[in-house]
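Here's the structure we're looking at; comments come further down.
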Amino acid sequence: MANKSNILLVHGAWGDASHWRHVIPLLHEKGHRVFGVQLPLTSLSDDIDRTSKLIAAQDAPTLLVGHAYGCAVITGAGLMSNVAGLVYLAGPAPDEGESLKSLLARRAPPEGAANIRQDGHGFTSVVPEKFHETFCHDLDGEIESLVWALTQKPTAVRCFEEQSGAPAWKAKPSWYQISSDDRLIPPETEEWMAKRINARKTITLRTSHASVATYPVEIVKLIEEASSTVAA
């Protein structure tokens, strides 16, 4: 594993680190040292804190890879000194003072937003019966989609309303993947964010929000390219 950065994977809302199950084996087979953080999803600051603690435990330069909401988390946690770069996968890259809610309000709500429900305790989830069409409509295999829907982790409203701090993408090299059939974040917003962060490379995949499961080979290629660049 000489000359390879550690890779820390940060999952998104309504899920956990098991969403990386298609990506982790491929990276492991290629000799990368990979870790996946389990976010509490109780607030953006809580999730950044949990991620920062795992970053601090690394003994080498670390590449952060965020999927969906996890991109907002790496934007905050990525300022740590041993973070070498950032990979954004179909997720928000907020600037200082922006919340995910304000960032996404720049455009009309995507069609999947209608399937998100809030409970009486300040947490949100995707209607289970609508999860497949909202989150992963092109994911092969009904079983995996069903498991994702029925084991989704409720995500606090605070995660979307809390303002972001200074963004790591202004200081660290970044890469971006756009999902052109995303039903939770408008693809046009993803394109705009990729340009705003001045991504070293941007790829577009014709897929849903669940790119980490639908195109793992392409995702791993992007991660490897970023890892090689920061390791050099």
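The values are calculated or read from the model by the stated rules, or taken from the named source; none is laboratory data. Just so it is clear, the structure is predicted and the values come from calculations on it, not from any experiment. Note that we place each Cβ from the backbone using ideal geometry, even for glycine, and neighbour counts take in every protein chain shown. For the accessible areas, the whole protein counts, side chains as well, though only heavy atoms, and no ligand, DNA or RNA atoms are used. Shrake-Rupley method; radii C 1.70, N 1.55, O 1.52, S 1.80 Å.
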Picking from 205, 222, which residue would you name as being in contact with an Asp or Glu (Cβ under 8 Å, 6 or more places away or on another chain) and of a type in the set (A, V, I, L, M, F, W, C)? 205
Filter the strands (runs of 3 or more DSSP E) completely within the stretch 88-206 down to those with at least 3 residues that are out of contact with any Pro (no Cβ under 8 Å at 6 or more places or on another chain) and not hydrophobic (A, V, I, L, M, F, W, C). 174-179
In the stretch 139-164, residues that are open to solvent by 40 Å² or more (accessible area, probe 1.4 Å) and under 14 Å from residue 69 (Cα atoms) total 7
Determine whether the stretch 165-184 contains at least one residue that is of a type in the set (Val, Ile, Thr), within 30 Å of residue 227 (Cβ to Cβ) and open to solvent by less than 20 Å² (accessible area, probe 1.4 Å). yes
Every residue in the stretch 1-44 that is among the small types (Gly, Ala, Ser) and over 26 Å from residue 150 (Cα atoms), please. 2, 5, 31
Mind listing whichever residues of the stretch 174-205 are under 17 Å from residue 75 (Cβ atoms), in contact (Cβ under 8 Å) with a residue 60 or more places away in the chain and among the basic types (Lys, Arg)? 196
Going through the stretch 33-63 in order, the residues found to be of a type in the set (Asp, Glu), open to solvent by 10 Å² or more (accessible area, probe 1.4 Å) and part of a helix (DSSP H, G or I) are 46, 49
